[in-house]
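Participant: My questions all concern the structure below.
The values are calculated or read from the model by the stated rules, or taken from the named source; none is laboratory data. Since the structure is predicted, the reported quantities are computational estimates derived from the model, not experimental observations. Heads up, the Cβs are rebuilt from the backbone with ideal geometry, glycines too, and the neighbour counts pull from every protein chain shown.
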Amino acid sequence: MHQHPRALGLAPLSTAPRGIDIAQRCPVNPVTLTRPHAASRAARFFAEKFPGRSMYAVKANPSPDLLQILWDSGITHYDVASIAEVRLAARTLPEATLCFMHPVKAEEAIAEAYHTHGVRVFSLDSMEELEKIVRATNEAEDLTLCVRMRVSSDHSKLSLASKFGVAPGESKDLLMAVRQVADALGICFHVGSQAMSPEAYSNAMERVRAAIVEAGVTVDVVDVGGGFPSSYPGMEPPPLERYFATIHRAFESLPISYSAELWAEPGRALCAEYSSLIVRVERRRGSELYINDGAYGALFDAAHIGWRFPVQLQREPDSNAKDMEFSFYGPTCDDLDHMAGPFLLPADIQAGDYIEIGMLGAYGSAMRTAFNGFGSDETVIVGDEPMTSLYTGVENPVAATNVVKL
Ligand SMILES: *Cc1c(COP(=O)(O)O)cnc(C)c1O
């Protein structure tokens, strides 16, 4: 069933099945649908329109097939955070440039990344980490070192503001020390995931400006991190071009040299549209649907942080019942395996029906476990459009009605 995506090319193929075709095969286990053309479109959008270099944050979806699609579509740099990600990306894309952007690393991981896999870019947020990097690379003189600044997550749905990053006002000594060691000095940050306003980036760039001025150092790289949004029910962001324009303007006004580079580390925005999931309803209890995937499968975010993914009944002929609000239970014996939603589906839905849950390409399959013996590895490439897209200019008409009602 699993085909290599390169056989598919870039455009949706009329010969590839659609979501409904997979549902009509009546699969017993959940099935992951992948849409290579959607990932490719997102990658080309960033490669062409972001006013700097886009590197893909591998943790959002480490599928080797996806890495290959992004590479083929113009993404040459990859943000990796663990030695396992370094090895995976190096094995899958031997010519790619890898950047180790986790600010707290094992010294052994730094050494292997540098000496075995050719990694030259590292992030850090402390003197201890700088000392580790210097030791592990035998005082290498070809390093690009990016100091991670702490910035606000106020505009984002998922905060990344407390764990990493040197606080504003405390970055001077570290920036000066890194400048002594690094061939190129960078400043990076992360505004939090699913940033709903471009202002998140301009506000963060103001902190970068203050840090540069205070330390009086020459900065070669400004890396605005991830956080670029996708579209979900109740979370429709402004167009990505507006984020790019805001970032470009802020970058141009920083006190840095003309040759300084602008980088970004999109994760979610490059892969959210890449996959969805077909699940079966095993039981209905009022407005609760017991489905065959959940919190320990691809729906971690739906369960643990109440993320609302778009849903669509996959039945032919389609139901003409009015929509009502449902919540989902996953298949494990655990009460926590509950997705509150609400998910809007036709009121006549029943056991045996199939539902497609959309926009699961980012942080969906990446978080899957086999807890309690549930889940499935079956993946099918489909050629229809994702339920929503930030890259087509128009939403899929079927799904658009779904989203508007929510
Ligand atoms: C998770 C992460 C990203 C990707 O974030 P998205 O919100 O998915 O774009 C980028 N950079 C770093 C350092 C991260 O930890």
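Participant: Considering segment 63-94 alone, what residues qualify as being of a type outside the set (A, V, I, L, M, F, W, C), touching a helix residue (DSSP H, G or I) at 6+ places or on another chain (Cβ under 6 Å) and within 16 Å of the ligand (Cβ to nearest atom)?
Facilitator: Y78, E85
Participant: If only one of Y363, Y391 is modelled with pLDDT of 80 or more, in a loop (DSSP other than H, G, I, E, B), at positive phi and within 21 Å of the chain's Cα centre (by Cα), which one is it?
Facilitator: So the residue among Y363, Y391 that is modelled with pLDDT of 80 or more, in a loop (DSSP other than H, G, I, E, B), at positive phi and within 21 Å of the chain's Cα centre (by Cα) is Y363.
Participant: Also: Among the listed residues L277, L254, which satisfies the condition of being touching a residue at least 40 places away in the same chain (Cβ under 8 Å), more than 16 Å from the ligand (Cβ to nearest atom) and surrounded by 21 or more Cβ atoms within 10 Å (Cβ to Cβ)?
Facilitator: The conditions single out L277.
Participant: Still on this structure: So Q180 passes all but one of these: (1) more than 16 Å from the ligand (Cβ to nearest atom); (2) within 18 Å of G52 (Cα to Cα); (3) part of a helix (DSSP H, G or I). Which condition number does it fail?
Facilitator: The one condition Q180 does not meet is (2).
Participant: Cβ contacts < 7 Å: first residue under 15 Å from S126 (Cα atoms) and in the same structural domain as M205 (by TED's automatic domain parsing), restricted to segment 155-167; second residue within 10 Å of the ligand (Cβ to nearest atom) and not in a loop (DSSP other than H, G, I, E, B), any location; separation 6+ or different chain. Result?
Facilitator: F164/R148; G165/R148; V166/R148
Participant: Working only within segment 346-364, note down all residues that are in contact with an Asp or Glu (Cβ under 7 Å, 6 or more places away or on another chain) and in contact (Cβ under 8 Å) with a residue 60 or more places away in the chain.
Facilitator: Those that are in contact with an Asp or Glu (Cβ under 7 Å, 6 or more places away or on another chain) and in contact (Cβ under 8 Å) with a residue 60 or more places away in the chain: A351, M359, G361, Y363.
Participant: Here's a follow-up. May I ask you to list the residues in segment 115-141 that are touching a strand residue (DSSP E or B) at 6+ places or on another chain (Cβ under 9 Å) and of a type outside the set (V, I, T)?
Facilitator: Answer for segment 115-141, where residues must be touching a strand residue (DSSP E or B) at 6+ places or on another chain (Cβ under 9 Å) and of a type outside the set (V, I, T): H117, G118, R120, F122, S123, L124, D125, S126, E129, L130, K132.
Condition check ((1) among the small types (G, A, S); (2) assigned by TED's automatic domain parsing to the domain that holds A84; (3) under 20 Å from the mean Cα position of the chain (by Cα)) across all residues:
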residue: H117; (1), (2), (3): no, yes, no
residue: E128; (1), (2), (3): no, yes, no
residue: D142; (1), (2), (3): no, yes, no
residue: V147; (1), (2), (3): no, yes, no
residue: S171; (1), (2), (3): yes, yes, no
residue: S197; (1), (2), (3): yes, yes, yes
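Participant: Does F328 satisfy the condition of being of a type outside the set (G, A, S), crowded, with 23+ Cβ neighbours inside 10 Å and in a loop (DSSP other than H, G, I, E, B)?
Facilitator: Criteria not met by F328.
Participant: Could you list, in sequence order, all residues of segment 261-316 that are of a type in the set (D, E, K, R) and over 19 Å from Q350 (Cα atoms)?
Facilitator: Passing the criteria: E261, E265, R268, E273, D301, R308.
Participant: Go through segment 105-133 and report how many residues are surrounded by 15 or more Cβ atoms within 10 Å (Cβ to Cβ) and either at positive phi or of a type outside the set (S, T, Y) (or both).
Facilitator: Of the residues in that region, 17 qualify.
Participant: Which residues, taken from segment 142-162, are in contact with a strand residue (DSSP E or B) (Cβ under 6 Å, 6 or more places away or on another chain), among the hydroxyl-bearing types (S, T, Y) and either in a loop (DSSP other than H, G, I, E, B) or farther than 24 Å from A200 by Cβ (or both)?
Facilitator: Answer for segment 142-162, where residues must be in contact with a strand residue (DSSP E or B) (Cβ under 6 Å, 6 or more places away or on another chain), among the hydroxyl-bearing types (S, T, Y) and either in a loop (DSSP other than H, G, I, E, B) or farther than 24 Å from A200 by Cβ (or both): just T144.
Participant: One residue is enough: does segment 106-119 have a residue meeting the conditions among the aromatic types (F, W, Y) and modelled with pLDDT of 95 or more?
Facilitator: Yes, segment 106-119 contains at least one residue that is among the aromatic types (F, W, Y) and modelled with pLDDT of 95 or more.
Participant: How many residues, within segment 257-274, are away from the ligand (no atom under 16 Å from the Cβ) and either at pLDDT 95 or above or within 22 Å of S123 (Cα to Cα) (or both)?
Facilitator: Result for segment 257-274: 4.
Participant: Now, a different point. Can you give me the number of residues within segment 61-110 that are in a helix (DSSP H, G or I) and under 17 Å from A272 (Cα atoms)?
Facilitator: Residues meeting the conditions: 8.
Conditions tested, residue by residue: (1) within 16 Å of the ligand (Cβ to nearest atom); (2) assigned to a loop (DSSP other than H, G, I, E, B); (3) buried (at least 18 other Cβ atoms within 10 Å of the Cβ).
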| position | (1), (2), (3) |
| --- | --- |
| R135 | no, no, no |
| Y201 | yes, no, yes |
| V217 | no, yes, yes |
| G226 | yes, yes, yes |
| P229 | yes, yes, yes |
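Participant: Moving on to the next point. Those residues that are in a loop (DSSP other than H, G, I, E, B) and crowded, with 24+ Cβ neighbours inside 10 Å, I need them from segment 185-197; list them, please.
Facilitator: F189, H190, V191
Participant: Okay, next question. Between a residue in segment 326-345 that is more than 14 Å from G375 (Cβ to Cβ) and any residue that is at pLDDT 95 or above and of a type in the set (S, T, N, Q), which pairs come within a Cβ distance under 6 Å, given they are 6 or more apart or on different chains?
Facilitator: Short answer, once both residue conditions are applied: F326/S287; A340/S327; G341/S327.
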